[in-house]
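K.L.:
Dumping the structure here so I can ask a few things about it.
The values are calculated or read from the model by the stated rules, or taken from the named source; none is laboratory data. Please read these numbers as outputs of a predicted model, since none were measured by experiment. Ideal geometry is used to build each Cβ from the backbone, glycine not excepted, and the neighbour counts take in all protein chains shown.
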Amino acid sequence: MVLSKNYWTLRKIDLASYDVSASQRGYREEVLLPVRQQFQIWFPSIAELKEVSSQDDRKIQATLLSHFLSQNSASSKECSITAGLSLRCYISHGIVHACQKLAQQFGDRYGFSHLDLLYLVLTDDGKIKSFQEVRENSQSSYPYFWAHILRKFNPEKAGLWNWTYLLTRRHSELTRTLWVEFGLSLTTPWGKLNDIKRYQMKTLSPQEQSVVEAFHSVYRRDRREKGARGKCPEPSESQLHEMRDRLFPRKIIYNSLDELLEQLKTIAQFLQEQIFNPTEIPPPSNLSPSAMELEFLDKNRDRAIMDAIEVVLSQRLQKLQKSAWYSKFAPHFLPSLRLIYCENKSQSEVARQLNMNNQSQVSRILKLKQMLKQIREQVMEKLLQILLKKAELNLSQGVLDPNAFDSLIELLSRYLDETVFLEAAKEISTGRKYQKMTSVFSEKMRYYLKYI
């Protein structure tokens, strides 16, 4: 059962309510009176009900969608706009529900609340947009998120509530934010392996590549034959048997199915942790690794890390101080980092020591994964400029070979990840057992925090 008012009240993002400790909604509701009046004309027997049955709900959605898609006359255009607004109201409620549900399922464990997600997906401003405007923007990935939801909505296959919930969980920026900032992946290990990209395959060892190829030949084939879509379940015992049999001629032997299953999970976890290389690796060029002069890089790397730490931490502190949501926690920012990097405290221990509510609050203030990514980007840019200057490769002259430049970026990226950032990312990765901060990055962070 859903509330009938969901069809004429639009939920809009409201940053001011983030500070209201009693509700912490993050949104406000706006009653669209013209939409309510038209809804009462279209559905007189339903409009006065407080709750709508599932059967009536589906009928309403099919009727509204029909009006929304119809543009045969001036009057039908008005009906289309109103019907679209009604559906958008309903969608806004569904989006909020999806974000709240994600927070209920994973928020305590991974340190986020629905407030960290709403601004990514609750983006409808309520301005009138006709179906024609939607079609003109259809080439964009997310011209309007509500339009993306409606454009693929089929009332004969699913209700709009469940459809909105599904697409919200699949929203690219939302899923990226959950992983990069909070370490939560909504994709199963089998989904990661099933959808592995070419550049990711190149990062695996020859044996691991063979294991993934065996997985694809069996798992993908079975999904195609069954017409399976959506969530990827764990491979069955018979599938694992066939994978193991396919690997045997390649002299890759697993003594048990459990051993093969664990190997697949390990590869999937490795793929998930490749958070610093989202773009495809360019083709090789004549630039060899030796040309990067690793000793020269080592000397400049540490200075670049220190400079990047100073810039990023200063920017983040200023942002906290100006935030309408977290300004009162700004004084805890640097002390929290000191407790984590200098005293090896967990985020739960930080919360207790600084009299904060819980670990989730500490996580939302620090956003360690995002901070690490921003520092890496700055270090990457600084070292790239140093290398170009040393090699007298002046970009303004327009003589730099694009392949050589791409390879330089690739090699520099691998150098930084292997020597600094992959280890640093593992130290702060949610779900890992507590461990001391011993990476190169942590050493530099301690040095900076000690003297400011």
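K.L.:
So which of 160, 166 ends up being surrounded by 17 or more Cβ atoms within 10 Å (Cβ to Cβ) and either at pLDDT 85 or above or under 30 Å from residue 246 (Cβ atoms) (or both)?
P.N.:
Of the residues listed, the single one that is surrounded by 17 or more Cβ atoms within 10 Å (Cβ to Cβ) and either at pLDDT 85 or above or under 30 Å from residue 246 (Cβ atoms) (or both) is 160.
K.L.:
Got at least one residue in the stretch 326-342 being surrounded by fewer than 17 Cβ atoms within 10 Å (Cβ to Cβ), touching a Lys or Arg at 6+ places or on another chain (Cβ under 9 Å), at pLDDT below 90 and more than 17 Å from residue 112 (Cα to Cα)?
P.N.:
no
K.L.:
A follow-up question, please. Starting from the stretch 79-99, take each residue that is in the same structural domain as residue 144 (by TED's automatic domain parsing) and under 13 Å from residue 64 (Cα atoms) and list its partners that are assigned to a helix (DSSP H, G or I) and of a type in the set (Ser, Thr, Tyr), counting only C-beta distances under 6 angstrom and pairs at least six apart or across chains.
P.N.:
86/7; 89/7; 90/7; 91/164
K.L.:
Of the numbered conditions (1) crowded, with 16+ Cβ neighbours inside 10 Å; (2) modelled with pLDDT of 85 or more, residue 144 satisfies every one except a single condition; which is it?
P.N.:
(2)
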